[in-house]
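Nothing in this text is a laboratory measurement; each read-out follows from the coordinates by a stated rule. Everything numeric here is computed off the predicted structure, so don't read it as measured data. So basically every Cβ, Gly included, is an ideal-geometry build from the backbone, and we count neighbours across all protein chains shown.
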Amino acid sequence: MRTAEKLLNDLKNLQKEVEDKLGITEDQKDLENIHIEFLGKKGKLTSILKALGSVSGEERGKIGKIANELKATLENSIDQRRGDLRKQYYEKLKDTEWFDATVLPPRFPAGFHFGETAGHIHPISAMQKKLEDIFTSMGFSIMDGPQIETDYHNFGALNFTEDHPAREMQDTFYTTSEHLLRTHTSAVQIRGMRKLTPPMRMIVPGRVFRYEEIDASHEHTFYQMEGMLIDRYVSVSNLLHLMHTLLGEIFQKQVEVRLRPGYFPFVEPGFELDMKCLICGGKGCPVCKQSGWSEVLPCGLVHPNVIKSGGLDPEKWQGAAFGLGLNRLVMMWYGIEDIRYFQNPDPEFLYQF
Ligand code: PHE
């Protein structure tokens, strides 16, 4: 037989051999071996092609083309078989390994102690729950809002001017030119005023984000609880009384506070309410930035422009708002000196609570 004819014959046989094997293999590993044996660098197809050198130019081109097409065809068949086998594998798995995600976990008897192996409630969640209980008992509703907000709700409607520095990229994670990761729970003020009919009181617990330089007291992701009340007449002394009562309830003792003027575009007047640092007792530590005081409660009377954005008549309605920093509160409560622990997946941190 002439070499050229023999080569064509070899290719045909090789095709048949591969197709036969593919038909009976049930195993993904075998499949990979077939691939190596026939199409691999040192495989049978390669060794057939080595003999091409002794064939005349015209025939060489023709056989080379046939061999390349064959290679593509076989690669294709192997791929297809690989897909089938994988599908079979998952089908089988579906019958043997599955779980019902809707089944409730087993109940533990009252007083059961979880020890160190079971789940814990995160201290931020525990603080949130505690505050929700305090506020709902004072007649506040709990509101929620999206974490990806519009620039309008986060800034525009809250009386931030177009060129306010807090809008800039260094403070805010923008997702589009009009959407951002909310930088504060105040973003829900407008939604609250539009949803709840005044007079109203609401709190908004939630996660907020800032493009921050991270250190012992700054995180890019943290938690706040917004508070807002709208009524016919609201005064600074109403606000202060509420703040004082609140901190007393949270810490279950009289805490020492001080009030400073604070600027936020959405309140007028605005305040920073500081609490004597419970970690160092006022001596100065990393959490209070050595000042002896911790900023826990920015607050103020709602700016008339914001009342207007909320769809209400500022001649008729007044309001007060405050923003509790949940991380700060938990740090004060437990004496945690570094805010980075909250995002740290180390369970040793959580076991302590
Ligand atoms: N949203 C402000 C902040 O995150 C806090 C704040 C809330 C101030 C409500 C005043 C009134 O910094």
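Over the range 142-296, what is the mean sequence separation of C-alpha contacts under 8 Å (at least six apart), divided by residue count, expressed as relative contact order in percent? Could the numbers behind the result be given before it?
Numbers: 236 pairs, mean separation 26.2, N = 155.
Here the relative contact order equals 17 percent.
Between Glu249 and Asp20, what is the label-point separation in nm under the 7 Å Cα-to-beta-carbon projection?
My value for the distance between the label points is 8.4 nm.
Using only Cα atoms, what is the ratio of the radius of gyration of the chain to 2.2 N^0.38 Å? Could the numbers behind the result be given before it?
Details: Rg = 34.3 Å, N = 353, 2.2 N^0.38 = 20.4 Å.
The value comes to 1.68.
How far apart, in nanometres, would the label points at Asp144 and Ala216 be if each is projected 7 angstrom from Cα along the Cα-to-Cβ direction?
3.6
Among the aspartates and glutamates, select those whose C-alpha is under 20 Å from the C-alpha of Lys94, and discard any that sit fewer than 8 residues away in the same chain.
Excluding near neighbours in sequence, the set is Glu26, Asp27, Asp84.
Expected output is a single nm value to one decimal: the length gained when fully extending between Lys41 and His179, i.e. 0.36 nm times separation in residues minus the C-alpha distance. What is it? If you can, show how the numbers build up before the last one.
Working: separation 138, 0.36 × 138 = 49.68 nm, distance 5.24 nm.
Taking Lys41 through His179 to full extension adds about 44.4 nm, to one decimal.
Could you list, in their original order, any pairs among Lys276/Lys308; Lys65/Lys92; Lys130/Lys283; Lys12/Lys87; Lys21/Lys50 whose Cα atoms are separated by more than 32 Å?
Numbers: Lys276/Lys308 36 Å; Lys65/Lys92 41 Å; Lys130/Lys283 28 Å; Lys12/Lys87 30 Å; Lys21/Lys50 24 Å.
Lys276/Lys308; Lys65/Lys92, as the Cα separations exceed 32 Å there.
Mind ranking 132-138, 223-229 by how tightly packed they are, going by the mean number of other C-beta atoms within 10 angstrom, highest first?
Working: 132-138: 13.7, 223-229: 23.3.
Going from most to least packed, we get 223-229, 132-138.
Would you compute, from DSSP H runs of 4+ residues alone, the mean residue ellipticity of the chain at 222 nm, taking -39500 (n - 2.57) per run and dividing by the full residue count, rounded to the nearest 500? Before the final figure, lay out the partial values.
Numbers: 11 runs with 137 residues, N = 353.
So the helix-based figure for the chain works out to -12000 deg cm²/dmol.
What full-extension length gain, to one decimal in nm, is calculated for Thr161 and Lys62 as 0.36 nm per residue of separation minus the Cα-Cα distance? List each step's numbers first, then the result.
Values: separation 99, 0.36 × 99 = 35.64 nm, distance 7.42 nm.
Value of the extension gain: 28.2 nm.
Between the range 201-248 and the range 122-139, how many Å separate their Cα centres?
Using only Cα atoms to place each centre, the spacing works out to 13 Å.
Can you work out ³J(HN,Hα) from phi for every residue in the range 78-88, in order, using Karplus 6.51 cos²θ - 1.76 cosθ + 1.60 and θ = phi - 60°, giving whole Hz and x for Gly and Pro?
Each residue of the range 78-88 in turn: 5, 4, 4, 4, 4, x, 4, 4, 5, 4, 4 Hz.
What order, most packed first, do the peptides 296-306, 46-56 have when packing is the mean number of other Cβ atoms within 10 Å of each residue? Don't jump to the answer; show the numbers that get you there.
Details: 296-306: 21.8, 46-56: 13.4.
So the peptides 296-306, 46-56, ranked by packing, come out 296-306, 46-56.
Build a GNM of the chain with springs between Cα atoms under 10 Å: which of Gly311, Gly57, Gly145 gets the top mean-square fluctuation?
Most flexible of the set in this elastic network: Gly57.
How big is the range 4-96 along each principal axis, measuring the range of its Cα positions in Å and listing the largest first?
The Cα atoms of the range 4-96 stretch 59, 18, 18 Å along their principal axes.
Could you calculate the contour length gain from Lys94 to Asp346, that is, 0.36 nm times the residue separation minus the distance between their Cα atoms, to one decimal place in nm?
Details: separation 252, 0.36 × 252 = 90.72 nm, distance 3.37 nm.
In short, 87.3 nm is gained.
Enumerate by residue number the trypsin sites (Lys or Arg not before Pro) in the range 300-353 meeting two conditions: DSSP loop (anything except H, G, I, E, B), and at most 12 other Cβ atoms within 10 Å of the site's Cβ. Please report the intermediate quantities before stating the final value.
Working: sites: Lys308, Lys316, Arg328, Arg340; in loops: Lys316.
Within the range 300-353, the qualifying trypsin sites (Lys or Arg not before Pro) (loop, at most 12 other Cβ atoms within 10 Å) are Lys316.
For labels at Ser237 and Phe353 in the simple 7 Å Cα→Cβ model, what's the distance in nm?
About 3.8 nm separates the two model spin labels.
For the chain, modelled as a GNM with alpha-carbon contacts under 10 angstrom, which of Gly61, Gly206, Gly284 fluctuates the most?
Of the options given, Gly61 has the highest mean-square fluctuation.
Taking the alpha-carbon centroid of each part, what is the distance from the range 1-77 to the range 274-330 in angstrom?
About 76 Å separates the Cα centre of the range 1-77 from the one of the range 274-330.
Unpartnered cysteines of the chain (Cβ-Cβ under 4.7 Å counts as a partner)?
So, Cys299.
Note down the net charge around Glu213, summing +1 for each Lys or Arg and -1 for each Asp or Glu among other residues with Cβ under 13 Å from its Cβ. Could the numbers behind the result be given before it?
Numbers: positive: Arg210, Arg340; negative: Asp171, Glu212, Asp215, Glu219.
Combined, the nearby Lys, Arg, Asp and Glu give -2.
Among Thr176, Val55, Tyr211, whose Cα lies farthest out toward the positive end of the dipole of the chain, if unit charges sit on the beta carbon of Lys, Arg (+1) and Asp, Glu (-1)?
Of the listed residues, the answer is Val55.
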